[in-house]
Amino acid sequence: MSIFKPVTVVTGASAGIGEALARVFARNGHEVALVARREKEMILLSNELAAACKHKPHVIVADLLRTDAPARIAHELLGRGLEPAFVINNAGFGLHGHAAELDRAEQIAMLDLNVRALTDLSLRWIDGIVKHKGGILNVASVAGFLPGPGMAVYYASKSYVLSFTEALARELEPKGVRVTALCPGPVQTEFQTRAGISGKPTGRLLARTAEEVAQAGYDGLMAGKRLVIPGFGNRVVSFLPRLLPRGMVLRSIERYQRGRGIRPDGWKRRPKP
Ligand SMILES: NC(=O)c1ccc[n+]([C@@H]2O[C@H](COP(=O)([O-])OP(=O)(O)OC[C@H]3O[C@@H](n4cnc5c(N)ncnc54)[C@H](OP(=O)(O)O)[C@@H]3O)[C@@H](O)[C@H]2O)c1
């Protein structure tokens with residue numbers, strides 16, 4: 001018997017899909033630890049969930065761009081007598097524009113969050129996850145199936161998340177650990193503003209709400225699915241490019257991203273005042 005209580009760690013829980021994921025896990029009886037930089041948003045969420053759910057969520061303020069953040073989170077959990085049984089790697093961001101025109105340091109920071117921190121947190125608590133028969137849910141994207149001119153580094157980072165997560169799922173299957181890659185299509189959150197995306201929101205054929213995506217991720221993880229792509233349209237977008245010439249796929253994505261505010265010369269269009 002472990003002296004530590006099992007906890008579900010959700011990164012990027014202060015907004016968007018992460019907040020919705022924290023709600024779903026808490027509603028289903030999990031003791032949740034919320035992780036992000038914005039403390040006020042997480043305290044509000046924790047108080048709200050405490051009133052409606054079995055456990056009051058823990059709040060851990062951490063900047064996952066810092067290389068020491070995962071160790072600090074582990075230390076905080078230990079101090080509270082908690083051991084991760086489920087890890088939900090959701091924190092991430094994108095940048096819209098041509099890679100050669102975007103800030104290089106910011107693009108490297110994106111890899112630090114989307115790739116390095118996610119990998120560290122996926123591998124850090126495997127023994128505890130095995131012991132609790134828990135799991136890992138990594139938020140990738142439909143972008144992970146595609147090359148992405150107009151968001152080149154972001155799409156590549158999500159390809160990594162998808163490849164790493166599917167391989168990890170296979171490796172940990174014999175140990176009874178569930179590992180799921182959640183691949184949403186467009187979801188209207190703070191993501192678009194952070195990325196610098198302008199233009200009209202994507203239509204309902206592909207777009208889903210954060211709540212729909214979170215529920216699909218939770219259900220998929222619990223059912224032991226390796227891959228979850230919410231929405232039929234997004235499943236088509238993920239599969240079809242495998243049958244098409246790569247050049248055609250690249251041109252289609254380029255057109256799509258231009259429609260969201262990139263000029264043909266690679267520079268971003270200014271949003272209308
Ligand atoms: N929205 C979409 O269309 C879409 C589609 C496919 C996949 N995704 C993926 O879904 C995930 C969540 O995106 P979202 O749409 O919910 O975006 P969002 O609304 O911008 O939320 C991002 C979350 O990540 C946290 N975060 C950002 N930088 C962080 C850092 N340095 N340290 C710790 N936490 C950090 C933010 O919290 P703080 O700012 O408080 O730190 C926030 O809670 C991302 O991995 C994204 O790539 C999004």
(Q) Given a 1.4 angstrom probe, what's the average accessible area per residue across the chain, in square angstrom? (A) 49
**Q.** Student exercise, segment 18-150 dipole from Lys, Arg, Asp, Glu Cβ charges, in Debye to nearest 20
**A.** 460
**Q.** Among VAL9, LEU118, TYR155 the positive-end extreme of the charge dipole of the chain (Cβ point charges)
**A.** TYR155
**Q.** Distance from segment 1-21 to segment 42-100 (C-alpha centre basis), Å
**A.** 6
Q) So in the chain, what percent of DSSP beta bridges are antiparallel if you round to the nearest 5? A) 5
Q: Sort out for me the Cα centre separation of segment 139-160 from segment 105-119, rounded to whole Å.
A: 13
Q: Kindly point out which whole DSSP H helices in the chain project their C-alpha atoms 24 angstrom or further along the helix axis while averaging a Kyte-Doolittle hydropathy of 0.0 or above.
A: 152-172
Q: For the chain, calculate the relative contact order in percent as a whole number, restricting contacts to Cα pairs under 8 Å that are 6 or more residues apart.
A: 18
**Q.** Principal axis box of the chain, alpha-carbon based, largest edge first, Å
**A.** 60, 42, 33
Q) Carbon and sulfur atoms: what percent of the 1.4 Å accessible area of the chain do they account for? A) 57
Q.
Can you order the peptides 39-48, 53-62, 178-187 by their average number of other Cβ atoms within 10 Å per residue, highest first?
A. 178-187, 53-62, 39-48
Q. Going by a ≥ b ≥ c, the root eigenvalues of the Cα gyration tensor, does segment 93-235 fall in the rounded group (a/c under 1.5), the prolate group (a/b larger than b/c) or the oblate group?
A. oblate
Q | Environment charge at LYS225 (Cβ cut-off 14 Å; Lys +1, Arg +1, Asp -1, Glu -1) | A | +1
Q) Sorted by average packing, counted as other Cβ atoms within 10 angstrom per residue and highest first, what order do 140-151, 250-261, 200-211, 113-124 take? A) 140-151, 113-124, 250-261, 200-211
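The values are calculated or read from the model by the stated rules, or taken from the named source; none is laboratory data. Bear in mind the structure is a predicted one, so any value in this text is a computation, not a measurement. Here the Cβ is made from the backbone with ideal geometry for all residues, glycine too, and neighbour counts use every protein chain on show. With ligands, DNA and RNA removed, areas are computed over all heavy atoms of the protein, side chains included. Shrake-Rupley method; radii C 1.70, N 1.55, O 1.52, S 1.80 Å.
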